[in-house]
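Each value in this text was obtained by applying a stated rule to the coordinates, not by laboratory testing. A quick note: this is a predicted structure, and the numbers were derived from the prediction, not measured. Glycine gets a Cβ as well: all are built from the backbone with ideal geometry, and neighbour counts include every protein chain shown.
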Amino acid sequence: MFEEPMVVFISTMLPLITLFIFIYGVALRFLKWFMIWKVLPAMGGLSSYRGSRLKGIFNSFVLDHLPSHSLAARRDMAFYVIGVGMHIAFITLLLTKAHIDSILALIKQYVAIPTILYVSKPFTHILSIIFISCLTLMLARRLYQYAANKSLRVISSIGDFIAVPLLLVTGVTGLIAALSSQLFPDYRLYIIASHMVVVQVFIMYTPFSKFFHGITSIIVMTLSGLRKAALGGD
Amino acid sequence: MVAENFLKELKTSQIVELETCVRCGACSEVCPVYEQDKSIISVPALKLQELRKIIGKDVSILGLISSASKVNLKELRKASEAAYLCTLCGRCWIGCILGIRNRELREVLRSMIYKAGYIPEPLKNIDKTLMKYKNPYGSNGRLGWLKKLDFQIPVNVKGSNILYFVGCTSAIRDPSIAESTAYILRSVGESWTIMDNEWCCGSAWIALGNMDAARNFAERNVKEIESLNVKKVVVSCAECYRMFKWEYPELNVDYGFEVLHISELINKYLNEGKLKTGKRVIERITYHDPCSLSRLGGIVNEPRNVLRQIIPREAEFHYLVEMPENRMNTYCCGGGAFLEFIHPELTLKIAEHRLNQASKAGAEILVSACPICKIVFTDAANKLNKNIKVYDITELVAKSIASSQN
């Protein structure tokens, strides 16, 4: 009785609200950048390049993140492994069958999407555990440094203590949802619904939070790669 | 009103960088100042936070629509100490997983603080000195080093192939670098000159935060150099190199000559056979990459190639050793951006760390290619009784050439 309208709302109405808020947030960001673009110079004038620009950008996105090249990795390997592990697990988890199917369900009536390779189920569970573990450690690191008056204390903002727990809840509900058919078959619908709600809160919050670095980092890493190409030092 | 110009110091790409920082703290793991100081105000990302607070309202949509600046002067004053607790070495950029150019954002922060008149007390004297004497050391005798030489130096010779831009530190604080460079250029038989009316390249102004003065000095230097109609400008200072090569274009100061660091030129001469080195150094050498030359300048191979020419060829790996943090990842000497004037004890700690790295690598000689690094390391080695000799690359090359001519 109650289940049907709730499911209908979460799977049909809520995604539209989420999409609206997400687009609104992104549009605000871009509008701001556009206005800033009009009053400020875009970027410094790189007049000459010693190295290849493509190679510089490739290095910035790939090579500089390898443990052999990353200065952050050399300085604190544990932090590096946790950070990289979390990001790889997160991106890979987005390609699981359940996630792809739910996105397809929303848009298949409008767009024809070719079949892609899904991440298989047992691998999904392992990835979820890696993702949750890494996020927990990252949160623990921030809380510890905050309590011990170390560097993260002065740079952390309230947003950090909202974003990471929100992502953690997303991961935990996701893992439980993936296991629900075996472990909690009677509550499966509620569990999946709660995961969907949390995911949509995450999407709504993205343009207004540090999660937006998923988009801005592409610009920043490209600029950094171009700078390295200009220098051509290493 | 000063505040209205604050936002103009920023670039659009820098706003995006500010919004990209996820406050992970990776920059503090690699920052030499934070590593040695351990005080939370030296955390690099903190300066981004401060900058964000200061311009927060300005870069909001409402702030952009309304014309009045809402820069938070109270926050600006608070940020002053943290902003100048930095050598501007740029290691935070290499350490940042996302590649945020934290150093350049700190320059912006400093320029805002400078405009508001909140620069730290010890730097106020440098500011006055720089304006009055056109160098940060308060000396009128930029050409004093010429008197010690036993050969004539061409001054203001129009149409020369090369102009040697000596730089304030080489001309005033450590003339042996200027003397060695002059000796090398003379040995090659190159058509070269110096100018008698050099001003600071502008790096001191950038370190203080006065971008307008940096631009004025740059324009004036370029105008004077172009009036001599030279093809190339050679510098022996890493700071001057970074300024001419990379900062002048960013300050919209264009020029029509080629800029080379002396290590590039020596390397070229050695490859062309124009320069012959003589007696080889039979002590273990390690090369310290100056931040402004390597990470911020892109010159890492040429100095090493030069050093290979003055050590025994058959045992190169024995005589030229590397420290663990080198090339683009190089560790700062601690003397950049006037840190030694505000926190000399911190500069000493950073230099000590680097000297220890050199000793651990087994080096008996530490070679740099920047007069500031040389002065800082020499002072630190003397104060801490470190058994390591410090040279500039030009000094070792000049010695080797001299031995071949004797």
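Measure up A:Lys228/B:Lys8; A:Lys210/B:Lys78; B:Lys148/B:Lys279; B:Lys38/B:Lys360; A:Lys55/B:Lys8; A:Lys228/B:Lys389 against 27 Å on the Cα-Cα distance and list the ones that go over.
The answer is A:Lys55/B:Lys8; A:Lys228/B:Lys389.
By the gyration tensor of its Cα atoms, with a ≥ b ≥ c the square roots of the eigenvalues, what is the shape of the range A:134-234: rounded for a/c under 1.5, prolate for a/b over b/c, or oblate?
Taking the square roots of the gyration eigenvalues as a ≥ b ≥ c, the range A:134-234 is prolate.
Calculate the translational D of the range B:182-244 in whole µm² s⁻¹ from Stokes-Einstein, where the hydrodynamic radius comes from the Kirkwood formula applied to all Cα pairs, the temperature is 4 °C and the viscosity 1.567 mPa s.
101
Taking a Cβ-Cβ separation under 4.7 Å as the criterion for a possible partner, which cysteines of chain B have none?
Isolated Cys, chain B: B:Cys21, B:Cys24, B:Cys31, B:Cys86, B:Cys96, B:Cys168, B:Cys200.
If you take the square roots of the eigenvalues of the alpha-carbon gyration tensor of the range A:57-102 and sort them as a ≥ b ≥ c, do you get rounded (a/c under 1.5), prolate (a/b over b/c) or oblate? Walk me through the intermediate numbers first.
Numbers: a/c = 5.30, a/b = 1.98, b/c = 2.68.
Since a/c reaches 1.5 but b/c is at least a/b, the shape of the range A:57-102 is classed as oblate.
What is the Cα convex hull volume of the protein assembly as shown when expressed per residue in Å³? Show your work: numbers first, answer last.
Working: hull volume 117.8 nm³, N = 640.
It comes to 184 Å³ per residue, whole-number rounded.
Can you grab the distance from the C-alpha centre of the range B:289-337 to the C-alpha centre of the range B:255-282, Å, no decimals?
Centre-to-centre (Cα) distance: 15 Å.
What does the average come to when, for each residue of peptide A:214-225, you count the partner chain Cβ atoms lying within 10 Å of its Cβ? Please list the in-between numbers first.
Details: counts 2, 3, 10, 9, 2, 7, 13, 6, 2, 7, 8, 1.
For this peptide, the per-residue mean of nearby foreign Cβ atoms is 6.
Taking Cα centroids, how far is the range B:94-157 from the range B:193-220 in Å?
7
So which aspartates and glutamates can B:Lys53 reach, going by Cα to Cα under 14 Å and dropping same-chain residues fewer than 8 places off?
Answer for B:Lys53, where 14 Å is the Cα cut-off: B:Glu19, B:Glu75, listed by chain and number.
What is the spread of the Cα atoms of the range B:144-270 along each of their three principal axes, largest first, in whole Å?
40, 29, 25
Within a 10 angstrom radius of each residue's Cβ in B:291-301, how many Cβ atoms of other chains show up on average? Whole number is fine.
Partner Cβ neighbours, averaged per residue: 3.
Suppose a student asked you for the relative contact order of the range B:250-397, using Cα pairs under 8 Å spaced at least 6 residues apart; what percent would you report?
Working: 213 pairs, mean separation 38.3, N = 148.
Result for the range B:250-397 is 26 percent.
For each of A:Arg153, B:Arg280, B:Arg101, count neighbouring Cβ atoms within 10 Å of the residue's Cβ, then give the residues from fewest to most.
Fewest-to-most Cβ neighbours within 10 Å comes out as B:Arg280, A:Arg153, B:Arg101.
Mean residue ellipticity at 222 nm from the helices of the protein assembly as shown, using -39,500 (n - 2.57) per DSSP H segment of n ≥ 4 over the full residue count, to the nearest 500 deg cm²/dmol?
-17500 deg cm²/dmol
Going highest first, how would you order B:359-370, A:195-206, B:153-164 by mean Cβ packing within 10 Å? Write out the running numbers ahead of the final one.
Values: B:359-370: 21.8, A:195-206: 19.1, B:153-164: 16.8.
Top of the packing list down: B:359-370, A:195-206, B:153-164.
Stokes-Einstein D for the range B:201-282 at 4 °C, 1.567 mPa s, Kirkwood Rh over Cα pairs, in µm²/s?
92
Evaluate 2.2 N^0.38 Å with N set to the residue count of the range B:277-404, then give the Cα radius of gyration divided by it.
1.01
Report, ordered by chain and residue number, the aspartates and glutamates lying within cross-link reach of B:Lys349, taken as a straight Cα distance under 13 Å and ignoring same-chain residues fewer than 8 apart.
Partners found: B:Glu35, B:Asp37, B:Glu340, B:Asp379.
With N set to the residue count of the range B:357-406, report its C-alpha Rg divided by 2.2 N^0.38 Å to two decimal places.
1.25
Could you order peptides A:66-74, B:83-91, B:264-272, B:288-296 by the average number of other Cβ atoms within 10 Å of their residues, highest first?
B:288-296, B:83-91, B:264-272, A:66-74
Using only Cα atoms and rounding to the nearest 10 degrees, what angle (0 to 90) does helix B:393-405 make with the longest principal axis of chain B?
With rounding to tens, the tilt is 10 degrees.
On C-alpha positions alone, give me the angle between the axis of helix B:73-83 and the longest principal axis of chain B, in degrees, nearest 10.
For helix B:73-83, the angle is close to 30 degrees.
On alpha carbon coordinates alone, what is the Rg over Rh value for chain A, Rh being the Kirkwood radius?
My calculation puts Rg/Rh at 1.01.
With an 8 Å cut-off on Cα pairs and a minimum separation of 6 or more residues, tell me the relative contact order of chain B in percent. Intermediate values should be presented prior to the final figure.
Details: 713 pairs, mean separation 64.1, N = 406.
Averaging sequence separation for qualifying contacts and normalising by length gives 16 percent for chain B.
Just how far, in whole angstrom, is the range A:127-193 from the range A:199-225 if you go by their alpha carbon centroids?
18
Report the rotationally averaged projected area of chain B based on its alpha-carbon convex hull, in square nanometres.
For the Cα atoms of chain B, the hull's average projected area reads 19.8 nm².
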